[in-house]
Every structure is written in C-alpha cells, then in structure tokens.
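To start, the structure itself, in structure tokens.
The values are calculated or read from the model by the stated rules, or taken from the named source; none is laboratory data. Nothing here was measured: the structure is a model prediction, and the numbers come from that model. Every residue, glycine as well, gets a Cβ built from its backbone with ideal geometry; the counts of neighbours run over all protein chains shown.
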C-alpha cells in the first residue's frame, strides 16, 4: 500500500497531504457508494480484529512490552510505512491524526490506548512477535489470522479504489486543461 512518491515524505508531510486530500475529496468520495460501503466494512472488520486481539491477550502482551519492557514492536519509524491515502482513509473514518509523536521511541500513532488509527498498515495488522506466537495455540492463531485477513483485504481494496478514483479525476482535469 505504498507509493514511490510518498516514501520520501516525512510523517508530518504525509499527514498534511492527507488532510489536504480530505478537504479536496471527502465529499465526493462520500458520495461514491462503493467507497462508502468499503469504509463501513473496514470499520467493522477493524473492530472485529481489535476484539479478537483483546480476547486473545495480544493487546495486553503488546502493552506490557511497551510499558514494562521499554518498547514494543510499534517503534519509531513504523509510521513511515503509511501513505497519505491510508491516512486519508482514517480521516474518512472520523479519526483525527496526531500532529505530534506521543512517545519519542514509538510509532507516531501509538497512544496510551494502543494504535490511534482505525485503518492500519498491513504490517501493523499482521505482525506477531515470537512471544505472542508462542502464547497462542494454533487454533487461536488461525482464527486471528482469518479475522485480520478480512481487515487487510478490505483495507487494500478501499485504498486502491480511493487512489484510482482520485487519479482518474485528476486525469480528467488535466485532459480538460489540454483541450
């Protein structure tokens, strides 16, 4: 879910770009039925993933690492994987984007309650450290992967639909200027 041009932006620049995209495109994107349905589906799937992670103790394990052991897998730099489009999806879902990093050595989006984003990067959804992998039974791991897989698939499809919609509209504007 990354694009080459966004790889060179700082997280602050990506947030600013996402906010500008939101101002320019949110109303039009909200009117696009397929995008609205995917936003609702992603919100449901992300909530299911979160519920499963809480129920299986993943959230408690990650919190313990962050608070008691001095840092979790959500370290500084993880936020660099986020694209402006993925941040735009969070804005479309009603999430605010933090302008400052809450903890110096942690991901820009890691709050005291966990990730402050609803639409997360695939790495943030899918990665499980060895400690968590050992804690879960094979059945629990398979159930978690099934739930998080739905979230990742919906997020990917939504990301691509929004990106394509914006690119298509920009191309139309360019063509009109040339005519």
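For the range 63-97, the set of residues classified as free of Cβ contacts under 8 Å to residues at least 60 places away in the same chain, in contact with a helix residue (DSSP H, G or I) (Cβ under 9 Å, 6 or more places away or on another chain) and either farther than 16 Å from residue 21 by Cβ or in a helix (DSSP H, G or I) (or both) consists of 71, 72, 73, 74, 78, listed by residue number.
The residues on offer are 143, 134, and the sole one that is surrounded by 12 or more Cβ atoms within 10 Å (Cβ to Cβ) and in a helix (DSSP H, G or I) is 143. What's the total number of residues in the range 20-42 that are surrounded by fewer than 17 Cβ atoms within 10 Å (Cβ to Cβ) and assigned to a helix (DSSP H, G or I)? Total satisfying the criteria: 13.
Evaluated against (1) part of a helix (DSSP H, G or I); (2) crowded, with 18+ Cβ neighbours inside 10 Å; (3) at pLDDT below 95, residue 164 falls short on exactly one condition, (2). Scoring residue 149 on the criteria (1) in a helix (DSSP H, G or I); (2) over 14 Å from the mean Cα position of the chain (by Cα); (3) free of Cβ contacts under 8 Å to residues at least 40 places away in the same chain leaves a single failure, condition (2). In the set 113, 101, only one residue is at pLDDT below 95, within 17 Å of the chain's Cα centre (by Cα), surrounded by fewer than 21 Cβ atoms within 10 Å (Cβ to Cβ) and within 16 Å of residue 54 (Cα to Cα); that residue is 113.
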